[in-house]
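Okay, so here's the structure we're looking at.
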Amino acid sequence: MARPLRILLAAGGTGGHLFPAEALAVELVKQGIEVHLATDARGMAYGGAFPAKERHAIRAATPSGKSPIALIKALLALGHGLVQSLQLVRRLKPDAVVGFGGYPSVPPVLAGWLLGVPTLVHEQNGVLGRANRFLAPFSKALATGFGDVKSVPRSVRGRLHLVGNPVRPAVLNAADIAYRPVTPDGSINLLVTGGSQGARIMSDVVPKALGLLSKELTSRLAIVHQARGDDVAVAERHYAEAGIKADIRAFFDDLPKRIADAHLVIGRAGASTVAELGVIGRASILVPLPGSLDQDQAANAETLARIGAATIIKQANFTPEALAVLLERLFSHPSELTDSSVAAKSAGIPDAAVRLARLVVDVAGLDVKRSNGS
């Protein structure tokens, strides 16, 4: 009996890395390909419906310049992870290894390269992350979520492939929900979200800003606010002080539909968020996470801002007063929200998972017809 076609996916343990990996896994399984996932402890605890035949825990750590001891410990952890990954790749004999960034993806992809297995990395952000920057020279292809990715080494630019950021099936379903423009006396649906890691500043600033709006506007607001668990009480207090009702929860299991129902989204600019805003097609105010070494969220947000799909506010300027002025203008001129939603939709790549799966199959040299029996 012929061995099944098999792909090993490697990803860091955050939603930003695991969501696109999951979307690719769904597409590969549809094609009859067996999928395995290598990740760290956080990824092993990931609660999504990841369609992997097996998940494999790999030791990893993030090298940093905080101290020589911390750097040595991180390198030792990565070395341990490489030994684990070499054993795993030898046992699984995958047809390709696909990395999705984060340092837990480094040992499996490097092990694949060392053992002669075709490798590919996917970069979700507008700036090539440090892990992917290290792995790019060892990969046959570098797939990107955005057309203009910064910090790509000159030596690998000929291997770039724009595929987009794969999104979950729930996002594709929400993309079918048509945008309903704001009517003169109708409700204004606002979604506030802090991304997968939450953002206290959203709970501090947004309710206060809404409290500064005219009563005519606040009476029409329908607010959905996703706050980090510890921040739910903070958000509730600020909304109560502003005299505004809001649906505040730590988790919404139907967030893509909430995006589709919104006239405006206020949030961070993680790669998954930006991709979902594009595929679904909704206007946004984005506050990139400050202080990151690569400034990846700023680059992500710029892809929507440059086409008029989003407004960027730096966190240092994200005050109730500044936000209130912007919201008053947008809500008083709803045609701007409609135009921004159309622009966002134009940037979306809904078939990104299909494109990436096609690239993986090509890099691996697979005969998918053999796998699915056709």
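Bear in mind these aren't lab numbers, they're just calculated from the coordinates by the rules spelled out. Source: prediction; values computed, not measured. Note that each Cβ is placed from the backbone with ideal geometry, even for glycine, and that neighbours are counted across all protein chains shown.
List of remarks:
- Segment 197-239 - Rg (one decimal) and Dmax (whole number), Cα, Å: 10.8, 34
- With the Kirkwood sum run over all distinct C-alpha pairs, segment 208-302 has a hydrodynamic radius of 14.7 Å.
- Cα convex hull of segment 44-116, projected area averaged across orientations, nm²: 5.6
- Ranked list, fewest to most other Cβ atoms within 10 Å of each Cβ, for 7, 69, 177, 312: 69, 177, 312, 7
- From phi via Karplus (6.51, -1.76, 1.60), per-residue ³J(HN,Hα) for segment 120-135 in Hz, x at Gly/Pro: 8, 10, 10, 9, 7, 9, x, 10, 5, x, 5, 5, 5, 5, 5, 7
- Relative to the compact-globule estimate of 2.2 N^0.38 Å, the Cα radius of gyration of segment 1-140 comes out at 0.99.
- Of 30/53; 93/140; 215/314; 30/93, pairs whose Cα-Cα distance is over 23 Å: 215/314
- Formal net charge of residues neighbouring residue 270 (Cβ-Cβ distance under 15 Å; K, R +1; D, E -1): -2
- Scoring 224-231, 360-367 by mean Cβ neighbours within 10 Å over their residues and listing the highest first yields 224-231, 360-367.
- Exposure proxy for 19, 252: other Cβ atoms within 10 Å of each Cβ, ordered fewest to most, give 252, 19.
- Ratio Rg/Rh [Cα only; Rh per Kirkwood] for segment 172-346: 0.93
- Net lengthening on full extension, residue 315/residue 62 (0.36 nm per residue, minus Cα-Cα): 88.5 nm
- FRET efficiency, residue 328 to residue 90 (Cβ-Cβ, R0 51 Å, nearest 0.05): 0.25
- Computed label-point distance, nm, for sites residue 41 and residue 222 using a 7 Å Cα→Cβ extension: 4.4
- For 208, 215, the sequence from fewest to most other C-beta atoms within 10 Å is 215, 208.
- Considering only alpha-carbon pairs that sit under 8 angstrom and 6 or more positions apart, the relative contact order computed for segment 172-346 is 27 percent.
- Amide proton proximity set for residue 14, modelled H, under 5 Å, gap of 5+: none
- Restricting segment 294-354 to trypsin sites (Lys or Arg not before Pro) that sit in a DSSP loop and have at most 14 other Cβ atoms within 10 Å of their own Cβ leaves 306, 314.
- Computed on the Cα atoms alone, the convex hull of segment 158-223 gives a volume of 177 cubic angstrom per residue.
- Antiparallel bridge percentage (DSSP; both residues within segment 172-346; nearest 5): 0
- One decimal place: the segment residue 368-residue 233 gains 43.4 nm when fully extended, by the rule 0.36 nm per residue minus the C-alpha distance.
- Taking only the C-alpha atoms of segment 25-70, the Rg (one decimal) and the largest Cα-Cα distance, Dmax (whole number), read 15.0, 47 Å.
- Whole-number D in µm² s⁻¹ for segment 1-49, Kirkwood Cα-pair radius fed into Stokes-Einstein, 20 °C, 1.002 mPa s: 189
- Surface/4 estimate of mean projected area, convex hull on alpha-carbon atoms of segment 294-374, nm²: 8.8
- Cα convex hull volume per residue for segment 98-202 (Å³): 159
- Globularity index of segment 147-262 is 1.37 (Cα radius of gyration / 2.2 N^0.38 Å, N = number of residues).
- For residue 221, nonlocal amide neighbours, meaning residues 5 or more places apart or on other chains whose placed amide H falls under 5 Å from its own, are 188.
- Computed label-point distance, nm, for sites residue 161 and residue 185 using a 7 Å Cα→Cβ extension: 5.5
- Gained length - residue 170 relative to residue 254, 0.36 nm times residue gap less alpha-carbon distance: 29.4 nm
- Mean shadow area of the chain, taken as a quarter of the surface of its Cα convex hull (nm²): 19.0
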